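Since the structure comes first, as structure tokens, the remarks are kept for the end.
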Amino acid sequence: MGTVTLGVSIAVPEPHGSLLQERRAGFGDPAAHGIPTHVTLLPPTEVAAEKLPAIVRHLEEVAALGRPFPMRLSGTGTFRPLSPVVFVRVAEGADACTWLQKQVRDASGPLARELQFPYHPHVTVAHGIDDAAMDRAFAELAEYAAAWPCTGFALYEQGPDAVWRKLREFAFGSATVPAQGEPQDSCAPRGPLSTA
């Protein structure tokens, strides 16, 4: 059956997603229109296509443990010089994202893998373009802010055309969203690593 390249992420909803995608394209990033605006939980990972049913079951289990949490973006950051990336910061919801990505990559699950860099939730707005354009992205989005209730995540597949397409959404197991501004530990998903 061959292999597929998968990713798991939290989509940035409209109108924020399209706005940031257009800004990314405007900075000259050629990948902008092939990548929906997102916060990564699992970076691009090549797996055997026959593992897809087990991966879907695993992600259903992870989602069932989670609960909605407030997500807030604010300002910019960069991974330069380590990596040529400018991003919008996750100002609220970072702890919950960190917990989720650990569950997705659980060592006993079908998506177990090591990361090239320590996990840092973010929304990429420029990647691998020239320094002047990276500087412009960093400056022009410095005052950017957006907020929404995160109620789940999604599985994506990268096609031969390098475009990422959503395969399946996974809603969290609870419908209650804590208010914006509540302490981070009250936003963490339910589960063995949470005191909530």
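The values are calculated or read from the model by the stated rules, or taken from the named source; none is laboratory data. These figures come from a predicted structure and were not determined experimentally. No Cβ is skipped: glycine too gets one built from the backbone with ideal geometry, and neighbour counts run over all protein chains shown.
Structure values in brief
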| quantity | calculated |
| --- | --- |
| Single unsatisfied condition, R67 versus (1) assigned to a helix (DSSP H, G or I); (2) touching a Pro at 6+ places or on another chain (Cβ under 6 Å) | (1) |
| Residues satisfying the stated conditions in segment 1-28, i.e. in contact (Cβ under 8 Å) with a residue 40 or more places away in the chain, surrounded by 16 or more Cβ atoms within 10 Å (Cβ to Cβ) and not in a strand (DSSP E or B) | V12, H16, L20, R23, R24, F27 |
| Check on A91, buried (at least 18 other Cβ atoms within 10 Å of the Cβ) and within 16 Å of the chain's Cα centre (by Cα) | no |
| Matching residues, segment 116-156, being modelled with pLDDT under 95 and among the small types (G, A, S) | G128 |
| Counted residues, segment 29-62 - those being in contact (Cβ under 8 Å) with a residue 12 or more places away in the chain and either among the charged types (D, E, K, R) or touching a helix residue (DSSP H, G or I) at 6+ places or on another chain (Cβ under 9 Å) (or both) | 19 |
| The listed residue being part of a helix (DSSP H, G or I) and surrounded by 14 or more Cβ atoms within 10 Å (Cβ to Cβ), out of V47, V62 | V62 |
| Single condition L42 does not satisfy, out of (1) crowded, with 21+ Cβ neighbours inside 10 Å; (2) assigned to a helix (DSSP H, G or I); (3) hydrophobic (A, V, I, L, M, F, W, C) | (2) |
| Which listed residue, of R89, R105, R72, R57, is among the charged types (D, E, K, R) and touching a Ser or Thr at 6+ places or on another chain (Cβ under 7 Å) | R89 |
| Any chance L115 is farther than 19 Å from P13 by Cα and among the aliphatic types (A, V, I, L, M) | yes |
| Selected residue (only one of A154, A147, A96 is in contact (Cβ under 8 Å) with a residue 60 or more places away in the chain, among the small types (G, A, S), under 21 Å from R168 (Cα atoms) and not in a helix (DSSP H, G or I)) | A154 |
| Residues that are at pLDDT 95 or above and not acidic (D, E), drawn from segment 160-196 | V163, W164, R165, K166, L167, R168, F170, A171, F172 |
| All positions within segment 129-139 that are surrounded by fewer than 15 Cβ atoms within 10 Å (Cβ to Cβ) and closer than 16 Å to A32 by Cβ | D130 |
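This table checks each residue for (1) within 30 Å of G2 (Cβ to Cβ); (2) touching a Phe, Trp or Tyr at 6+ places or on another chain (Cβ under 7 Å).
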| residue | (1), (2) |
| --- | --- |
| P36 | yes, yes |
| E46 | yes, no |
| E50 | yes, no |
| P53 | yes, no |
| T78 | no, yes |
